[in-house]
Structures are given as C-alpha cells and as structure tokens.
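So the structure is just underneath, and the comments pick up after that.
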Amino acid sequence: MKWLRNDNYSIPIVLAVSLHLVILVAGVVVIDLNGEEQKTPKRPPIVNATVIDISQTIIGKREAEEKVARQQAASLAAQKKKEAEQKRQKEVERKALEEKQKQLAKAKKIAQEKEDAQKKAAEKERLKEQQQLAKQAESKRLAKEAEQKRVEELRLKEKQRKEEALAQKAEAERKAEEERKREEEAARLAAEQKKAEEAAGALAAAEEERKQAAEEAQMVQSISGLINDRVTANWTRPPSARNGMKTYLRIYFLPNGEVRNVDVTKSSGDGLFDQKAVDAVYKVRKIDELSQVDSYVFERNFRQVDLIFNPQDLRN
C-alpha cells in the first residue's frame, strides 16, 4: 500500500494526531476528576500540545537515511552510466580512427603501385632508347659497381671503427666504475676509522671531564672546609652562645679571594650570636687559595658561598 512506503509521511502524521488526541482526552479526564472539589472553575483548563518534528523521530531519521541512500545510489548509477557512455564513445572514435588509417594506407598503396608502374614503363622506354649506347652503359655500370664496392668497404671500416670506439668506451666506463667503487670503499673505511677515532676521543673526553669534575669536587670540598675552619678560628664566643645554635651565612668573594660582603640568610635566634659569626667572616678578610682557582670554577662555586656556622664546643 502507498501509505506504507518508506518515503510516505502518513504513519508519522497519524501518530502525531493520535498523540494530540490522547493529550486532549487526558486533559478532559483530569478536569472531570477535579470537578468535585472545584464547583466553579475560574478559567477553562489549558491543554498543552507538543509539536513533534517528524525528522527527529526514529521513523523520520530512518526515512531521511534511506532517502540519502537512494540519492547516492542514483548518483552512482548516473556516474557509471556516464562513464560507460564515455567508454563507448572512445571505442567508436578509436574504430573510426583505425578505419581512416586503413583507408589512407590503402590509398597510399594504390598510389605507390601506380607510381611503380609508371616508373617501370619509363625504364623500359629508356632502355629501348639507349640500346645503341649499351657499351657505354655497361662501362658506367661497372664503374658504379666499383664505386658501390668502395663505399661499402668504407662503410664497413667506419662500422668497425665505431664498434672499437664503443668497446673502448665500455672498457673505460668499466674501469671508471671499478675506480669509483674502490674510492667509495676507501671513503667508507676512512669514515668508519674517523667515527671510531671520534668515539675514542669522546670516551677520552668524557673520562677527562669525569676526572676534572672529581678533582673540582674534591677541591671545592677542601676549600669549603678551609673557609669554615678559618671563620671558626676568628670567631669570638658570645656569653649567650649555646650548643645547637646555627647561623646560615652567605659569603660573597672577589676573584682574588677577598671577602666582599656577608649576609645572614637564616638567624640562629640570637642576634649577638649571628653578629659574632658575621664579624668572624670579616676578620678572615681573604682566602688566598681562591686566587689560584680557575675562573670558571670560581664563578660556579665560590662567587658566593653558603656557610652553616655551627660551632660544636658550645655549652648546653
């Protein structure tokens, strides 16, 4: 039946109308049930109707998908038909071209045969007219054959010369190819040797760097201990000093080892203890060993030094 077809909207319309009727009947029933409590309604009941977009229903979406599928199938069929027509047209054009070429070849053959016949007739007439000059013609023929033989010998010699030249060229190319391969192999071996040398150099550099880093760390530790010892030696114990007190200092040095400045980064809690620690640093004045340190090592480790001043001989 037509109303059951996929592209027919009868079913969705019937469903929408049925839904509206159900809503209306439900509204009337509700009004009747509430009539016992409300004797006189102040205003008529309002029925809310909902408009359904058929395209958003399952049936509508399925119909839209089927419609798109039919359109795509129709487009594909049209495309195939067009391609088939183009193929048929090309085949027709090819056959027409072949037929034209055959006709041209046939006409050319006929013209050639006619021309050959005319040449034969003219040759016969010429031979007939030159019977009296047979001896001269024979002499000319012999001379012509001799010339042809000479030309043939020259052609053979030229051919032989070209073949020899080609053979020499091929041999030269073969030798050049062998030389190129030898050079490539030598370059490869040299590259491998260079790579091995670079790897060995990198290992040696890494080992040297590790060794220098260890020496630098040992030197830094040694000089740091030296700074701490000299600050402790120049420290004057205040009466308020007690065991466990710590003052965190930041000492700024010049490249020649002189103390440029001192800051307290964290107090011990006792102002006098902190001041005595700062005074002890200024009393040191200069660490001569720093002037012998490499500038790069100095900038990285001794331009500023953080020191935890924590004497161990204090009273409890």
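Against the definition (assigned to a strand (DSSP E or B), closer than 20 Å to A217 by Cα, among the basic types (K, R) and in contact with a strand residue (DSSP E or B) (Cβ under 6 Å, 6 or more places away or on another chain)), how does R260 come out, yes or no? In short, no.
Screening M245 against (1) over 52 Å from the mean Cα position of the chain (by Cα); (2) open to solvent by 60 Å² or more (accessible area, probe 1.4 Å) leaves a single unmet condition, (2).
More than 55 Å from the chain's Cα centre (by Cα) and modelled with pLDDT under 90: does that describe R300? For R300, the condition - more than 55 Å from the chain's Cα centre (by Cα) and modelled with pLDDT under 90 - is not met.
Would you be able to say whether some residue in region 272-284 is closer than 22 Å to A213 by Cβ and either open to solvent by 60 Å² or more (accessible area, probe 1.4 Å) or in contact (Cβ under 8 Å) with a residue 12 or more places away in the chain (or both)? Give the steps one after another, and end with the answer.
Quick first cut of region 272-284, residues closer than 22 Å to A213 by Cβ only: none.
Among the residues of region 272-284, not one is closer than 22 Å to A213 by Cβ and either open to solvent by 60 Å² or more (accessible area, probe 1.4 Å) or in contact (Cβ under 8 Å) with a residue 12 or more places away in the chain (or both), which makes the answer no.
Considering only residues in region 211-238 that are of a type in the set (S, T, N, Q) and not in a helix (DSSP H, G or I), the one that is modelled with the highest pLDDT turns out to be N234. Within region 84-104, can one find any residue that is surrounded by 10 or more Cβ atoms within 10 Å (Cβ to Cβ), free of Cβ contacts under 8 Å to residues at least 40 places away in the same chain and not in a helix (DSSP H, G or I)? No. The single residue among R237, R242, R230, R260 that is among the basic types (K, R) and under 19 Å from R300 (Cβ atoms) turns out to be R260.
Checked against the criterion of being closer than 27 Å to E215 by Cβ, modelled with pLDDT under 95 and crowded, with 17+ Cβ neighbours inside 10 Å, region 264-271 has no qualifying residue. Considering only residues in region 303-315 that are open to solvent by 20 Å² or more (accessible area, probe 1.4 Å) and modelled with pLDDT of 85 or more, the one that is nearest to K246 (Cα to Cα) turns out to be N310.
Scanning region 285-302 for residues that are open to solvent by less than 20 Å² (accessible area, probe 1.4 Å), part of a helix (DSSP H, G or I) and either of a type outside the set (A, V, I, L, M) or more than 26 Å from E215 (Cα to Cα) (or both) yields a count of 1.
The values are calculated or read from the model by the stated rules, or taken from the named source; none is laboratory data. Everything numeric here is computed off the predicted structure, so don't read it as measured data. A quick note on method: Cβ atoms are made from the backbone with ideal geometry, for glycine too, and the neighbour counts reach across all protein chains shown. Accessible surface is based on the protein model in full, side chains and every heavy atom, while ligands, DNA and RNA are left aside. Shrake-Rupley method; radii C 1.70, N 1.55, O 1.52, S 1.80 Å.
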